[in-house]
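Quick notes on the structure that follows.
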Amino acid sequence: ASDFTVVTLDAISLTKPRMAARITSTKEARGASIAPCTISLYNLAPSTKAKIQQGYSVQLKAGYRSQGYIPLLFSGQIVNTFTRRQGADLITEIICGDASFAISNFRIGGAIPKYQTYLDVLNQMLSSAKDFGTPVAKINTTVPEAERLNVMLDKGYSYDGFLFKELAKVCEEVRYRSYMSLGTLHVEPRERPTTAKVIQIRPENIKGQLQ
């Protein structure tokens, strides 16, 4: 499977729509969540609206092209979409999940031979995530907490189930956490700050509001 964050040649680019977006997040690391982002697009052409479908990938960026770089605020997939009328406007609501397709569909199964480590288990699971098209951040093995990943598994390790649930089980055993951020899967020690990039939205960043 291809990386779902890659912008393909047939992608739809909406650069000047009347729109609003609500992104749900917390300061705490979280696992993949079903619908952390809702995008509202106003008065789309029927031909454009017809191309917005469940399961398609979405990237939300905000900024000015004069900056040279427009930061990515959200990357995920469409969970649901519908259109409603508000006064004279037709508003297309796009409900997005940061790993919705992976949560609903990706099952993994495998076995690690005895005398391998938790790091081997995690790397095998993350390799499966890559095969499903989920971008993965490399596990940092230089931090002191990574010693917990080097514990040898005398009886090996087997797993079978949905990707994120099986990954969470392994992380629990070694006091790690797994979470999605901007479309990328991270596995990190619980006690360390998240390394994922965060775009801060402050009052001075807001240029106006949708009326």
- Item | Per principal axis, descending, Cα span of segment 109-171 in whole Å | 28, 26, 16
- Task: Beta carbons within 10 angstrom, averaged per residue: use that to sort the peptides 78-87, 115-124, highest first.
- Result: 115-124, 78-87
- Query: Quick one: if you stick a label point 7 Å off each Cα along the C-beta vector at Leu90 and Lys61, how many nm between them?
  - Reply: 2.9 nm
- Given just the C-alpha atoms of segment 54-200, how large is their convex hull per residue in cubic angstrom? 143 Å³
- Note the full-extension length gain between Ser47 and Arg18 as 0.36 nm times their separation in residues minus their Cα-Cα distance, in nm to one decimal. 8.8 nm
- Item | segment 137-200 - Rg (one decimal) and Dmax (whole number), Cα, Å | 12.9, 46
- Note on the structure: FRET efficiency (Leu153, Asn105; Cβ distance; R0 22 Å; to 0.05) is 0.20
- Item | Taking the C-alpha atoms of segment 54-93, convex hull volume expressed per residue in Å³ | 92 Å³
- Task: For Asp131 paired with Val143, estimate the spin-label separation in nm (one decimal), with each label point 7 Å from Cα along the Cα-to-Cβ line.
- Result: 2.8 nm
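Just so you know, all these numbers are worked out from the coordinates, no wet-lab data involved. Keep in mind the model is a prediction, meaning the values are calculated, not measured. Here Cβ is always computed from backbone atoms with ideal geometry, including for glycine, and neighbour counts include all displayed protein chains.
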